[in-house]
1. Ordered by packing density, taken as the mean number of other Cβ atoms within 10 Å over each peptide's residues, highest first, how do 41-48, 377-384 rank?
2. Accessible area per residue of segment 158-287 at 1.4 Å probe, in Å²?
3. Can you tell me which of 459-466, 597-604 comes out highest on packing, and rank the rest after it, using the mean Cβ neighbours within 10 Å?
4. Sort 264-274, 387-397, 332-342 by the packing proxy (mean of other Cβ within 10 Å over each peptide's residues), most packed first.
5. Could you grab the relative contact order for the chain? Cα pairs under 8 Å, six or more apart, rounded to a whole percent.
6. Classify segment 571-611 as rounded, prolate or oblate, taking a ≥ b ≥ c as the square roots of the eigenvalues of its Cα gyration tensor: rounded when a/c is under 1.5, otherwise prolate if a/b is larger than b/c and oblate if not.
7. Determine the dipole magnitude for segment 453-611: charges of +1 sit on the beta-carbon of Lys and Arg, -1 on that of Asp and Glu, nothing else is charged, the reference point is the Cα centre, and the result goes in debye to the nearest 20.
8. I want to check the label-to-label distance for Thr130 and Thr601. Put each point 7 Å from Cα in the C-beta direction and report it in nm to one decimal.
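The values are calculated or read from the model by the stated rules, or taken from the named source; none is laboratory data. Fair warning: this is a prediction, and the values are worked out from it, not measured in the lab. Positions of Cβ are backbone-derived with ideal geometry, glycine not excepted, and every protein chain shown enters the neighbour counts. Calculation scope for accessible area: heavy atoms of the full protein, side chains included, ligands and nucleic acids excluded. Shrake-Rupley method; radii C 1.70, N 1.55, O 1.52, S 1.80 Å.
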Amino acid sequence: MKSAVKAVIPFIMALSSIGGTLEASNSGVQIEHLGVNNTLVRITGDGNYLLLPVQESNDDAKVNVLVDGKLERTIYVRMAKSKVDYTVPLDLSPYKGHKVLLDIVTSQNRATVREAKEDACWNNFSVTDTIDVTNRDKYRPAFHHTPQYGWMNDPNGMFYKDGVWHLYYQWNPYGSKWQNMTWGHSSSTNLVDWEHHPAAIEPNGLGTVFSGSSAIDTNNTTGFGQDAVVTLYTSAGTSQMQSLAWSTDNGNSFTIYPGNPVLTLESEARDPNMFWNSKTNEWNLVLAHALDHEMLIFTSPDLKTWTLQSSFGKGLGAQDGVWECPDLFELNVDGTSEKKWMLLCNLNPGGPFGGSATQYFIGDFDGKTFKPDTDADGKVPTKWLDYGKDHYATVSWSDAPDNRRTVIGWMSNWQYAAEVPTMQFRSANTLPREIGLFKDSDGQIYASCIPSPELLALRGNLSVQSSKLTLKPKAKTFSLPSDGICEIVMDIDAGKAKEISLELKNSIDEKVLITYNSDSKDISFDRMKSGLVDFSQEFPAVTIAPTHETDGKFSLRIFVDRSSIELFEKDGRFVMTNLVFPTTPYTTLSLSSNGGNAKVTNLKVYSLKTK
């Protein structure tokens, strides 16, 4: 996948000189120390960007950016103390012709100003015109969306318009750990190649910009113009409140509604998800009442005034963590004329294998109240959208074509997201997926997830092909592409086998083991020895998914990237998403069975086009 860059997006990693010391650059700045914790940085150069030196192990420093003596913004940066891990850019281009001053307050303990002057950051500020965004992380995905630099978490505000898929995301432009929440923006015409854009919505006087949603106001209910893109998001200051913005240039820039906030509560609530309900001719809003483990449902004629209609969720489903990032939509049940509503509810912690995950509920919705389906015992079952460790904050694109319900998630887990072995960027999105519904043999309706059809364009050369294999205890081994980046597809008939094993391995015996168990009819994913696993005690794990099959027959599609594996059943009846960090790529695939023979047909391995 190639990543087209519409405009130069700033980022450069700091480079160490020989011997581990850092050259003092300080080009275009003047440093003035006022005390042990307070320093001024005056911009004397006329370049486009100021590079700020970062040390990730440090605490945040408060950086007040003053323009002509007036406070323009406040950001938080982990200013380097003993070494510079990398630098991040502050865009100076809007302030051309003005005086720019940084008033920096650090939390570092220093006895004297002389001691404070020794911090590594003060000799490593510089002003520059151009920024190098070349990838410097070996684990940056080859075909998943990532930010060009900085921290990313939840996808949000996604919409489709005029042939373009717009993806916004929680972004920290000033470091690779969570802070300074801003809406980053990328777009794609094919869900494969992503174009990076400047930040869409930035923090203001109401706080930083948390998650939300966007929709096209076809009927001009807001008065912002027909077909305006309207966005609701959470302003996170001292408290959380919901704010409104709109765009008349297809989501490239937004105007902040001057009457914000449009919705406030006495308790913590966030991540507004709104949509136009054509059956009731009004807007619906689902809002996560995070600490109360429930969703609140509102209605509005114009997105500005909201009426609380009902709540859903107390005591239902997984309740161990906060409820976040809702999404509510109607789908057909495959093979029937029945329609059902699906409510996505992201949870942290409390996932099936620890940390964050996406649960969902199936039911009916009348525009005011969501009524969940129950099982044979009259209980509301807990259902999971993905049975891996690394699938969270899943939400859908609004206004997708052909009545598609296309979703994407954050491919990480709050247990260790800030500790994964990358620095230029942190976190990627999952592959985009199509959501459907199917009725299982137990009478329950479940969600299906299949890779979006556009992803077929990723396929390159066919490196392995076998029409029929008989699996036995002695493994059959196949070579994968040398970079390990591939898609593996196969049809499996377990036959009399008790277990079927698929092993992905590299030259130093790091491996992922995928095992189907015919008795329990589930499939497991073991990454205990997958490569780098010791950066967090929560990372080594085995995840398990039900297969929803009754005869031992199923098909797999497995997407292997530099630092992730996504395992789909062909019809989407189960999916597992897990990060992996092999020291070298996985280059062999081994297949075997135990307790009897099994058959694999239509085995194919495709190399994938990379950026």
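1. Highest mean packing first, the order is 41-48, 377-384.
2. Per-residue value: 34 Å².
3. Going from most to least packed, we get 597-604, 459-466.
4. Final packing ranking: 387-397, 264-274, 332-342.
5. Value for the chain: 11 percent.
6. Since a/c reaches 1.5 and a/b is larger than b/c, the shape of segment 571-611 is classed as prolate.
7. The dipole magnitude comes to about 580 debye.
8. So the label points at Thr130 and Thr601 sit 5.7 nm apart.
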